[in-house]
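These notes are about the structure you will find just below.
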Amino acid sequence: MKNIVKKENAVSRQFLGVDFVVLSIGKDSMVTKMLYKLTDFVPFHQHPNEQSGYVISGSYKLKFEGKEFLLNEGDTYSIPANIEHSIEILEAGEVVDVFTPIREDYL
């Protein structure tokens, strides 16, 4: 468990070609910062983690439950666990994601 992580100690990772940083890990949740490039694309996938996010910068098209959502700076979202979703990067930027429980595949 990493309750306090100084920015210089954040762990860089990559998943499905997307660069991200693990910011903190609690008992039941984790916080990441996704570093989306224009060439990134996250295809439909699902995981047993609820995912909530905050768009710091950039522009995205999030798809889940048969709907499309255009997300821009300052927007937020929550995706229930086990729901297929995808994200298309329209403009490069950063997104903070919180996962509950912890995504073991991100460690």
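The values are calculated or read from the model by the stated rules, or taken from the named source; none is laboratory data. Since this is a predicted model, take the numbers as computed values, not measurements. Note that we place each Cβ from the backbone using ideal geometry, even for glycine, and neighbour counts take in every protein chain shown. Ligands, DNA and RNA are stripped out before the accessible areas are found, and what is left, the full protein with its side chains, is counted by its heavy atoms. Shrake-Rupley method; radii C 1.70, N 1.55, O 1.52, S 1.80 Å.
Among residues belonging to region 47-80 that are among the polar types (S, T, N, Q) and surrounded by 14 or more Cβ atoms within 10 Å (Cβ to Cβ), point out the one that is nearest to Val96 (Cα to Cα). Steps first, answer last, please.
Filtering region 47-80 down to residues among the polar types (S, T, N, Q) leaves 49, 51-52, 57, 59, 72, 76, 78.
The next check asks that each one be surrounded by 14 or more Cβ atoms within 10 Å (Cβ to Cβ); those that pass are 49, 51-52, 59.
Details: Asn49: 15, Gln51: 10, Ser52: 8, Ser59: 13 Å.
Going through the qualifying residues, I end up with Ser52.
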### Task
Go through region 1-52 and give me each residue that's more than 20 Å from Thr76 (Cα to Cα) and among the polar types (S, T, N, Q).
Asn3, Asn9, Ser12, Gln14, Thr39
### Query
Out of all the residues in region 81-91, which are open to solvent by 50 Å² or more (accessible area, probe 1.4 Å) and in contact with a Gly (Cβ under 9 Å, 6 or more places away or on another chain)?
Leu90, Glu91
### Message
For a quick check of your reading: which strands (runs of 3 or more DSSP E) sit entirely within region 1-76 and have at least 2 residues that are modelled with pLDDT under 95?
### Response
11-15, 18-25, 41-45
### Task
Hey, could you check region 21-40 for residues that are hydroxyl-bearing (Ser, Thr, Tyr) and surrounded by fewer than 17 Cβ atoms within 10 Å (Cβ to Cβ) and say which is farthest from Ser57 (Cα to Cα)?
Ser29
